[in-house]
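Next up is a structure, given as structure tokens.
Rule-based calculations on the coordinates, nothing more; no lab input. Bear in mind that the values here come from a model prediction, so they are computed numbers and not experimental data. All Cβ positions, even for glycine, are placed from backbone atoms using ideal geometry, and neighbour counts span all protein chains on display.
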Amino acid sequence: MAGRNDFVVFGLGKFGRSVAETLAYNGKEVLAIDIKEEVIQDVADLVTHAVQADVTDGDALKALGIGNFDVAVVAISNNLQASIMATILAKELGVPYVLAKAQNEIHKRVLEKVGADKVIFPEREIGTRIANNLISENFIDYIELSIDHSIVEIEVVDEWVSKTLKELNMRANYGINVMAIRKGEEITITPGADFVLQASDVLVVIGSNEDLRKINVIKKDNYDK
């Protein structure tokens, strides 16, 4: 996924804004489009360009040069017509990769039929993860599964070094489950109880935000939104 530098985001609700801001923070060129002027004003200083426009207006999108962008993110699901039209127009105007947000499985199938390259559900994947995945193929560092639970990537703390997962009993002692362990480029999925942790290891764990907060693996801001 390397080489994608120019992004257009249609719709600046919570999801779309999260995607747009994260892309911009990572140094990408971002054009944010929404029909509401007040929303555009809120993000104008956070992205490269922010424009008030109707995403179903093909002439307006053409005038904005949408076809010159590497990726279009259709972050609209509450207006099915706008979502579908924005996807169609983005592909017709020549955007190579269109990622669209769906409301349900039927909406997903329609978006795929009209040309979306990838369709996601915001309940399953937060905007920040999508943006980071668009930029690179780096391993996950944070995924909000719901308002209460997350998957996070954490470094081994000093007291865990040279101990097995059985000795640490993460589920009982910390309320978290270890899904994978990364040693450099090598990843072990569902490691066994006798796996010995080293200082350089990185754990991918799942747990409640309350339990994760106790070991300071996700910032308070992430789950107090």
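Could you please rank T164, T56, T190, placing first whichever residue has the fewest other Cβ atoms within 10 Å of its Cβ? Could you put the intermediate results ahead of the total?
Working: T164 15, T56 18, T190 10.
Listed from fewest to most nearby Cβ atoms, that is T190, T164, T56.
In addition: List residues of segment 185-218, by number, whose backbone nitrogen lies under 13 Å from a label position 7 Å along Cα→C-beta of E167.
194-199
Here's another thing I want to ask about it. Let me spell out the model: positive unit charges on the Cβ of Lys and Arg, negative unit charges on the Cβ of Asp and Glu, origin at the Cα centre of segment 6-135. What dipole size does that give, in debye rounded to 20? Mind dumping the intermediate values first?
On the way: 13 positive and 18 negative charges, 104 e Å.
Dipole size: approximately 500 debye.
Quick one: go through segment 75-101 and flag any residue whose amide nitrogen is under 16 Å from the point 7 Å out along the Cα-to-Cβ line of E29.
Hits in segment 75-101 for E29 at 16 Å: 94-97.
Also, quick follow-up: Based on the mean of other beta carbon atoms within 10 Å per residue, what is the order of 23-32, 166-175, 39-48, most packed first?
On the way: 23-32: 19.9, 166-175: 13.5, 39-48: 15.3.
Output ranking for 23-32, 166-175, 39-48: 23-32, 39-48, 166-175.
Would you kindly state how much longer the chain becomes between K62 and E155 on full extension, computed as 0.36 nm times their sequence separation minus their alpha carbon distance, in nm to one decimal?
Computed gain between K62 and E155 is 28.8 nm.
Near L61, within a Cβ-to-Cβ distance under 14 Å, what is the net charge of the other residues, with Lys and Arg +1 and Asp and Glu -1?
Numbers: positive: K62, K91; negative: D34, D54, D57, D59, E92.
Summing Lys and Arg as +1 and Asp and Glu as -1 gives -3.
So what's Rg/Rh here for segment 6-135, counting alpha carbon atoms and using the Kirkwood radius for Rh?
Here Rg/Rh amounts to 0.92.
What's the exposure ranking of F10, F69, F195, going from fewest to most Cβ atoms within 10 Å?
Listing F10, F69, F195 from fewest to most nearby Cβ atoms yields F195, F69, F10.
Quote to one decimal, in nm, the extra length available between Q52 and E92 on full extension: 0.36 nm per residue of separation minus the C-alpha distance between them. If you can, show how the numbers build up before the last one.
Details: separation 40, 0.36 × 40 = 14.40 nm, distance 2.08 nm.
Once the chain is fully extended between Q52 and E92, it gains 12.3 nm.
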